[in-house]
1. So what are the ³J(HN,Hα) numbers for segment 106-116, from phi and the Karplus equation (6.51, -1.76, 1.60; θ = phi - 60°), rounded to whole Hz, Gly and Pro as x?
2. Relative contact order for the chain: what percent, with Cα pairs under 8 Å and sequence separation of 6 or more?
3. Once both labels are modelled 7 Å past Cα along the beta-carbon direction, what's the LYS128-ASP80 spacing in nm?
4. Counting only the backbone N, which residues of segment 109-127 are under 15 Å from the spot 7 Å out from the Cα of ALA22 toward its beta-carbon?
5. Which of the three applies to segment 43-132, rounded, prolate or oblate, going by the alpha-carbon gyration tensor with a ≥ b ≥ c and a/c under 1.5 meaning rounded?
6. Say the dipole of the chain comes from +1 at the beta carbon of Lys and Arg and -1 at that of Asp and Glu; which of SER141, ALA34, CYS100 then lies farthest toward its positive end?
7. So what's the back-of-envelope 222 nm ellipticity for the chain, counting only DSSP H runs of four-plus at -39500 (n - 2.57) apiece and dividing by all residues, rounded to 500?
8. Can you work out the Karplus-derived ³J(HN,Hα) for every residue in segment 142-157? Use 6.51 cos²θ - 1.76 cosθ + 1.60 with θ = phi - 60°, whole Hz, and x for glycine or proline.
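What follows is calculated from the coordinates using simple rules that are stated; it is not laboratory data. All values derive from a computational prediction rather than experimental measurement. For neighbour counting, all protein chains shown are included, and Cβ atoms are generated from backbone atoms with ideal geometry for every residue, glycine included.
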Amino acid sequence: MDVAFAEFDVTLRDGRAVHVRAVGAADEEEIVQAYGRLSAETRYLRFMNSASKPDIGRFRKALTSFPDHGLGIVATVPADDGVDIVGSALYFDAGDRKTCEFAITVAAGFGGAGLATVLMRSLIDSAKRRGIGEMDGFVLSDNGPMLRLARRLGFTIAPDPDDRTVRICRLRLDSKA
């Protein structure tokens, strides 16, 4: 089972280039900065709340689980202080290799340029290489761009029986129906 993530550069539809790589502990400050650049609406759509600061403890806990129990990746662009994170995506497997849960965030200035597609395809490919059978995500019903992307990538979308404001996006990664 190949769990290593091979970093790469990609040119988006609008001509901008980004570098995609695995996230690491050294990214903590950049993650905080990237979170701070998100609008309240974007934070709400991604995290289902609009807290002005990220949960660093949760972030650190996630980092310690990679690569054994998932993958976290970031998309970066050059900046005056080194790099800026303009997108991030991750998945956690349930430990049984049957399912994993994804999450993705793209900076508003990079929406519509294809970055979310690049990040999601990278997650899907990684999960398949791990032998995970199904990928799920919980998306607010108001998050039209993410729901459209999920449909384009073949996810089924159904209401969450426990919360009518949430949709469950599900993709079979194996050949089982």
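1. Each residue of segment 106-116 in turn: 10, 4, 3, x, 10, x, x, 9, x, 5, 4 Hz.
2. Details: 291 pairs, mean separation 32.2, N = 177.
18 percent.
3. It is 4.3 nm.
4. Those under the cut-off are 123, 126-127.
5. Numbers: a/c = 1.71, a/b = 1.39, b/c = 1.23.
It comes out prolate by the Cα gyration axes.
6. SER141
7. About -9000 deg cm²/dmol.
8. Result, rounded to whole Hz: 7, 8, x, x, 5, 5, 5, 4, 4, 4, 4, 8, x, 6, 8, 10.
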